[in-house]
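Report on the structure given below.
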Amino acid sequence: MGTLESIIIISVLLSFVFLWMQSRKRRKSVVNINNINKTKKPTPVVRPAENIDKPASINAEIATYANQGLEIPQHFVDFKLQPLSALPTTKVTEVTSCMRKPNPLLLKLTRRDYEAKELYQLIKTDPEMSALILKEVNSPLFSLDKAITSVNHAIVFLGASKVKDIVIQCCVKNSEFSDPIQRQAYDRLWAASHMASSIAFIIAKQLGQEAPANMSTICLLSYLGDQAIISALPEAASIYLDEEMSFFERVYNIQQQYAVNKVVIAQALVTQWGLPAELIANVENFLLLMPHNDDELALESEFMLQNLICYLACAYAEAIVYQKVDGIETLLPQELAANQALAFINVQAAIKHCSGDKLNELLSSAAFIKQVNKLITH
């Protein structure tokens, strides 16, 4: 073989070797990139919430009332509201399965606010709902001097917000009870939820909240858990008829005896029904003011204010409906602990955190007292 041929052969071989090495390099590079894509996905940045201060120590509030001679029972200090995640699925299903699927109007009504004309157009498409509304507004609960004969008349007379509340209640109303004790307990819950929704609307409106009707809706939905508990556990009805039992004691006794509470059942129901996420969150956090744990009150001020409005409204309603308080002059903010100690003991710390003295001034005002007392007498 000549020198020239040898050089050509060697050159060709070197070219093949070079191309083979380049090919390996490219393949290795592709593999490395794929591995990076599989293992090094961007990690979400989780930042702590800014400018969220905890309210004044709840334990300090307890100490203050104790120093004033108010008895603080140990079971209140130790109480923890069980979250939905802590309950067996079978238990939750047992209770929630007793509630029928709500009328489709519920989803529409909880999506946005409706003007009076829009509300009428929505309701009139459902004859059964129209009949239920007329039956409800003409019931003894509203003590009307003259019967209301049409949905439009009901909206004009009671206002769109109140009729919307009635529609929401009718949407979730459970079947009739054959047991008179259950029926009586359910009727009392119905009255309490009406009272709470009305008080929440008054407070929210006077505080200048953007959507006061939403506060009414949250109050109504918060009673879903109680309605389901009475439906599934007839023996629990007696707890809802005990006029000596405070708001806290009712929640405490239900959880102790039946291993459920109104919040987790209401949360499960509104989640199953596909209601808006914000409403679900408000229902879930509804009773955060009842336990005394400081950490559980570290919420953004606006969100805490919404929960505080609804909590206060329900606590007032419970005192009015269950304990027969005939005027809220006896439930002024500074005196709440003396009347409903265990339900209201956390309230002052939260009020100061959310609104300074603005909410205290509202709750003490003659205008607010007059409006709520008018609800009581009617």
### Task
Scan (1) buried (at least 22 other Cβ atoms within 10 Å of the Cβ); (2) small (Gly, Ala, Ser); (3) on the phi > 0 side of the Ramachandran plot for the single condition GLY208 breaks and write down its number.
(1)
## Note on the structure
Picking from ILE376, ILE369, ILE351, the residue that is of a type in the set (Val, Ile, Thr), at pLDDT 70 or above and within 21 Å of the chain's Cα centre (by Cα) would be ILE351
### Task
Could you please let me know if LEU87 is at pLDDT below 80 and within 23 Å of GLU278 (Cα to Cα)?
yes
### Task
Inspect segment 177-188 for any residue being surrounded by fewer than 21 Cβ atoms within 10 Å (Cβ to Cβ), in a helix (DSSP H, G or I) and within 17 Å of the chain's Cα centre (by Cα) and give the result as yes or no.
no
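The values are calculated or read from the model by the stated rules, or taken from the named source; none is laboratory data. Treat the numbers as computed from the prediction; the structure is a model and nothing was measured. Ideal geometry is used to build each Cβ from the backbone, glycine not excepted, and the neighbour counts take in all protein chains shown.
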